[in-house]
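Read the structure below first, then the notes.
The values are calculated or read from the model by the stated rules, or taken from the named source; none is laboratory data. All figures in this text were calculated on a predicted structure; none of them were measured in a lab. So basically every Cβ, Gly included, is an ideal-geometry build from the backbone, and we count neighbours across all protein chains shown.
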Amino acid sequence: MSDWKFTARQLAKNPLSMTGLIIIVIFVIIAILAPLIAPTPEGHRNPYMIPRDGFFATPQPPSENHPFGTTQGQYDIFYGCIWGARSAFRVALVVIGITLLIGIVLGSLAGYFGGIIDEVIMRITDIFLAFPALILAMAIVSAIGPSLKSVMIALTAVWWPSYARLIRGDILQVREEDYIEASRGLGASSGRVIIRHVLPNAIYPTLIMASLDIGAVVLSAAALSFLGLGAPEGYADWGQMTEFARNWMVGPPGNPLKYWYAVITPGLFILFFVLGWNLLGDAFRDIFDPRLARR
Amino acid sequence: MELRTYIIRRLFLLIPVLFGVTLFIFGITMLFSPVQRAMLYIRDVKQLADLPGVIELYGLDRPFVLQYGTWLGQVLTANFGYSKIASMPVWEAIWHYLPATLELAIFAAPLIILIGIFMGSTAAAHKDKPLDHTTRVVAILGWSLPTFWLGLLLIMIFYGYFTGFLPPGRLSMQMDIVVNSADFIRYTRINTIDAILNLNGPVLLDALRHLVLPVITLSVVNVAFIMRLMRSSMLESLGKGYILTARAKGLAERVVINKHARRNALIPVITVSGYVFAGLANGVVITETIFNYKGIGWWAWQSAVNLDISSVLGFALFNSVLFVLVNLVVDILYTRVDPRVKLGQGVQ
């Protein structure tokens, strides 16, 4: 328990981590209150699809109806950015949730039983880790067809091996403890020993690392969307909205920055979202880094 | 263990990994029906009538293992299929586009290493001073930047606002004509190096102008990564006994930092060169796409959005083999740099 107090005190002391926490809380609020902040127009079926104001290609500057302006195809930037927070959390939570599940199950099996099971599972992680992550994700998405679901599948495929390895390493330490021997001696089954005794003592570093990866997952998903391999056109997705801006980086002669609002706004949302998690993660890494002992 | 035995053993250990990689890649292609895969051979609507013939000819409906065997045989002889984007075989396309990408890497890698190491160690030497905090914030910002967005901003400012100052692409049109003329000998197809070898100033200048923005975009994330790592490694090194000894001997602080602390702090940085390679490989796809810079990453992106699956998988396979080899070299290098590491056993 003193560990938690220590961690909390360290975080509160560090202005950077507090900033990170505040940014994250703001994004959580935006995501939860999205229907109030940017109400879905009457008769619009899927709230995740950005409402359009006409079909004119050229982005339009901020106005009363569109506080952030509209991007290519008259998609409302404000609506897309606000609901984009929801999409971001959705992608991140799905990917992190599934990767954690796979990682924990395979990592525990490998770490607890060792031997041939360990060898096989670790060689499989080797195969997945033998690719630069984005390239593997890109290959998977283009093979199963670009869509938001494919992006989540691809990111899950590239993300689980690191959790499996992390949890395996921690379990290797825990399984040598006396209390594990004791519960085995009392006749507990392997499943019971793993779930009741090993995991609760080995899981926290992985859980914390995984939750801090939310920013990284969202950044990767945005990159895939930007490459045109993600969400369907018009979906409230920051990466795709940045991609829309590609045709409008440079305005007409005499007014080269004319379409700044279409270029800058969606990217700022990605930047701040990822920044929040990284600021928090940076502080955590310092606290948990045993090499930088608590001085 | 002797170094040579270690290398040989590691090379043998690569075989199961690479076997798994090929099996995985081939598994992905098998997600497609025989008809879809036969379509990859079709270049003209008139050939469509012969689709069953194509399936028959290439045995696309045979059992998995048989097809995998045939495919592996082809891959081992560098036959990955045909790239529609490049209008040439995939293997040739990789070599065709590689020099452009190498050119980016040649400029980005030293930038990443020098700036990252210098700023990281300087920050550590000034721990908790304003310089340290600034470096830290810069590192976290760089680490969080969506590089594709950074690229757009750079183009908006340096190509739009300063009209045409730093253009996208690889060469301007006139210089492209010069480079492709008979007088200009293309030794390496890396523009800057060829320009120097041909003693052609204008081409060199033009190539450099096109390189500035992509190199910045490609480097930012990795600079931040190395900076962060170097800072913590340097902090650890500064806390060691030999630093106290060096200071007690009355050595100048500059010597303590440069000769004693930084050298030892470099060791962990070497071990992550593999990650830097992966970062560059991933970054190249995004950077080249934004800047319309026709290298291997641009080609891979074009292939991906056009669902030219044999090209994308050839590219992925190529990258994984490189990545695995880079990691091997890093491990070997590590044992050379740090005498405490016994081969095959890690730090004692």
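Remarks
- Selection within region B:78-125 - touching a residue at least 12 places away in the same chain (Cβ under 8 Å), outside any helix (DSSP H, G or I) and not aliphatic (A, V, I, L, M): B:Asn79, B:Phe80, B:Gly81, B:Tyr82, B:Ser83, B:Lys84
This table checks each residue for (1) within 14 Å of chain B (Cβ to nearest Cβ); (2) under 25 Å from the mean Cα position of the chain (by Cα).
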residue	(1), (2)
A:Ile144	yes, yes
A:Val151	yes, yes
A:Asp170	no, yes
A:Gln173	no, no
A:Ile180	no, no
A:Arg192	no, no
A:Val198	no, no
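- Criterion: at the interface with chain B (Cβ under 10 Å from one of its Cβ atoms) and crowded, with 22+ Cβ neighbours inside 10 Å - qualifying residue of A:Leu271, A:Leu224: A:Leu224
- Looking across region B:154-164 at every residue that is in a helix (DSSP H, G or I) and more than 7 Å from every other protein chain (Cβ to nearest Cβ), the one that is nearest to the chain's Cα centre (by Cα) is identified as B:Leu154.
- Lone qualifier among A:Gly215, A:Gly239 - being within 11 Å of chain B (Cβ to nearest Cβ), free of Cβ contacts under 8 Å to residues at least 40 places away in the same chain and closer than 24 Å to A:Thr156 by Cβ: A:Gly239
- Per the listing A:Trp159, A:Trp83, the residue uniquely within 14 Å of the chain's Cα centre (by Cα) and among the aromatic types (Phe, Trp, Tyr) is A:Trp159.
- The number of residues in region B:171-227 being of a type in the set (S, T, N, Q), surrounded by fewer than 18 Cβ atoms within 10 Å (Cβ to Cβ) and either assigned to a helix (DSSP H, G or I) or more than 23 Å from the chain's Cα centre (by Cα) (or both) comes to 5.
- Search result, residues across region A:1-60 that are among the hydroxyl-bearing types (Ser, Thr, Tyr) and outside any helix (DSSP H, G or I): A:Thr40, A:Tyr48, A:Thr58
- Exactly one residue out of A:Tyr204, A:Tyr163 is more than 13 Å from chain B (Cβ to nearest Cβ), within 24 Å of A:Val91 (Cα to Cα), out of contact with any His (no Cβ under 8 Å at 6 or more places or on another chain) and modelled with pLDDT under 85: that is A:Tyr204.
- Summed over region B:32-72, residues that are part of a loop (DSSP other than H, G, I, E, B), under 34 Å from the mean Cα position of the chain (by Cα) and either modelled with pLDDT of 80 or more or not basic (Lys, Arg) (or both) total 6.
- Region A:221-276: number of residues that are in contact with a strand residue (DSSP E or B) (Cβ under 7 Å, 6 or more places away or on another chain) and not hydrophobic (A, V, I, L, M, F, W, C): 2
- Within region B:126-150, tally of residues that are part of a helix (DSSP H, G or I) and at the interface with chain A (Cβ under 9 Å from one of its Cβ atoms): 12
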